[in-house]
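Trainee: Here it is: the structure, laid out below.
The values are calculated or read from the model by the stated rules, or taken from the named source; none is laboratory data. Small disclaimer: the values here were computed from a predicted structure and weren't measured. Glycine gets a Cβ as well: all are built from the backbone with ideal geometry, and neighbour counts include every protein chain shown. For the accessible areas, the whole protein counts, side chains as well, though only heavy atoms, and no ligand, DNA or RNA atoms are used. Shrake-Rupley method; radii C 1.70, N 1.55, O 1.52, S 1.80 Å.
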Amino acid sequence: MIKCQVVMDAMDRLAPRCLAEDWDNVGLLIGSPAQDIHKILTCLDVTENIIDTAIAQNYDMIISHHPFLFRGIKRIATDKPLGRMLQKLLSHNIAVFAAHTNLDTTFGGVNDILAEKLNLTDLKPLTISYREEIVKLGVNVPAEFADKVREAIGRAGAGAIGNYKECSFQFSGQGRFTPLEGAAPFIGKQDKNETVNEVRIETIMPVKIKNRVIRAMLKAHPYEVPAYDIIPTQNVYNENGLGRIGKLQMPTDIMDFAKMAKQNLPGDTFRLVKSNDKPVQKVALCSGAGVEFLDKAAMQGADTYVTGDVKYHEAQHAQELGINLIDAGHFGTEMPIAQTLADYLQKENTENKWQIEITADTTAKDVFTTI
């Protein structure tokens, strides 16, 4: 049995809330971090069908991509759909958690899964809305405890650079200090100046995990009052934003590419705006309703753009820009994330021995039907 907070922490590692757009509403929307969790259902939307399934099958947490509560609520009328669903969730103690634009933006999230379905490689963010602030940690530690401290801060996430982890630098020196009255020194005696052979360990970390790393360092460090610094840097890692742009390994005809996309994505609506006769090779995308980035895609040299919820005049604009436009639907471009979330949480479940049940919704259907 685990607490809801444990699941929330795992979700924040996958899709940190700092990546969410300012207008978004993500995180725990219903429930308490302290409640016990036995079964989790992942889904695209929290619909009444999803809620009824959760009740019937004893799920106590729903994790969705689209936020169940998005705008402020002035009244809860239980004879209306929203009020009725809220009543069901609260009366059955079902927690609801949403990861929306943070899950769109994060590496391995909605847009990367969509790019994978489209067989794209050499991916880069289409937009940049987040630049991770990096700080430097420097800590002095007795030489015989250096490995213990270094391993602790590495496990807490410090020292990650690109495809490398636990990166650090160290050099040796001498530390001097005089314990005063009331001190409980690990080394040395009160009122006597002490000299200790120490190692200086330096590494970097995102500022968002600073407190976690410092706690790990303090726990592993033998000194009562360790000497350490947190230094701002100009380093930038993990630039990210909504959308992706990448390449096909082999150029292909637009009709063949569109057919492949339709075969690989769910949903019942699929529209193509053919705007050029070039082979498809450089493709941009944004899951959900992402046509606002159409100009960015064209400026970055994409010959084809994949998104959902395209309007008539937006399709005309694609033709004016000379970029092919595929509307694969809001549902079609985002529904695959439900299984991805379940797979991620199942891995956390196994590795951390949560001993809970996690299932992805497979019953949801596109609200649009082609006739």
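Trainee: So how strong a dipole does the chain carry about its Cα centre when Lys and Arg Cβ are +1 and Asp and Glu Cβ are -1, to the nearest 20 debye?
Mentor: About 400 debye.
Trainee: For helix 81-91, what angle does its Cα long axis make with the longest principal axis of the chain, in degrees from 0 to 90 and rounded to 10?
Mentor: 40
Trainee: Taking the Cα centre of the range 89-219 as origin, work out the dipole magnitude from +1 charges on Lys and Arg Cβ and -1 charges on Asp and Glu Cβ, in debye rounded to 20.
Mentor: My answer is approximately 180 debye.
Trainee: Order the peptides 167-173, 50-56, 338-344 from the highest to the lowest mean number of other Cβ atoms within 10 Å of their residues.
Mentor: Ranked from most to least packed, the peptides come out as 338-344, 50-56, 167-173.
Trainee: Got a sec? Charge dipole of the chain, +1 on Cβ for Lys and Arg, -1 for Asp and Glu; which of M299, N264, Q35 is way out at the positive end?
Mentor: The listed residue farthest towards the positive side: Q35.
Trainee: Which percent of the accessible area of the chain is formed by carbon and sulfur heavy atoms (probe 1.4 angstrom)?
Mentor: Roughly 50 percent of what the probe reaches on the chain is carbon or sulfur.
Trainee: Excluding D191 itself, calculate the net charge of residues whose Cβ lies under 15 Å from the Cβ of D191, where each Lys or Arg counts +1 and each Asp or Glu counts -1.
Mentor: Charge balance near D191 sits at +1.
Trainee: Ignoring the sites themselves, what is the longest stretch of the chain with no trypsin sites (Lys or Arg not before Pro) in a DSSP loop and at most 12 other beta-carbon atoms within 10 Å?
Mentor: It runs 193-310.
Trainee: Once you treat every alpha carbon in the chain as an equal point and sum by Debye, what is log10 I(q)/I(0) at q = 0.09, 0.14 Å⁻¹?
Mentor: -0.65, -1.17
Trainee: Taking the Cα centre of the range 1-145 as origin, sum charge times position over the Cβ atoms of Lys and Arg (+1) and Asp and Glu (-1), and report the length of that vector in debye to the nearest 20.
Mentor: It works out to roughly 460 debye.
Trainee: Please give the Cα centre distance for the range 45-105 versus the range 287-336, rounded to the nearest Å.
Mentor: The two parts, judged by their Cα centres, are 30 Å apart.
Trainee: Report the net charge of residues surrounding G329, where surrounding means a beta-carbon distance below 11 angstrom and charges are Lys +1, Arg +1, Asp -1, Glu -1.
Mentor: Cβ neighbours under 11 Å give a net charge of -3.
Trainee: How large is ³J(HN,Hα), in whole Hz, for each residue of the range 273-289 in order, when computed from phi with the Karplus curve 6.51 cos²θ - 1.76 cosθ + 1.60 and θ = phi - 60°, using x for Gly and Pro?
Mentor: Working through the residues one at a time gives 10, 8, 10, 7, 10, 6, x, 6, 9, 9, 10, 10, 7, 8, 5, x, 9 Hz.
Trainee: Where does helix 4-14 land angle-wise versus the long Cα axis of the chain, in degrees 0 to 90, nearest 10?
Mentor: So the inclination is approximately 80 degrees.
Trainee: To continue, here is another question. Hey, can you grab everything whose amide H is under 5 Å from the amide H of A95? Only 5+ residues off in sequence or another chain; H modelled, so Pro and N-termini drop out.
Mentor: When sequence neighbours closer than 5 places are left aside, the close amide H contacts are M61, I62.
Trainee: Once phi is turned into θ = phi - 60°, what whole-Hz ³J(HN,Hα) does the Karplus curve with 6.51, -1.76 and 1.60 give for every residue of the range 72-77, x standing for Gly and Pro?
Mentor: x, 10, 9, 8, 10, 9
Trainee: Now, a different point. Say the dipole of the chain comes from +1 at the beta carbon of Lys and Arg and -1 at that of Asp and Glu; which of I230, I128, A184 then lies farthest toward its positive end?
Mentor: Looking along the dipole axis, the top candidate is A184.
Trainee: For every other residue with a beta carbon closer than 10 angstrom to the beta carbon of N49, add +1 if it is Lys or Arg and -1 if Asp or Glu, then tell me the sum.
Mentor: In short, -3.
Trainee: Return one number: the angle in degrees, 0 to 90 and rounded to the nearest 10, between the long axis of the Cα atoms of helix 337-352 and the longest principal axis of the Cα atoms of the chain.
Mentor: 30
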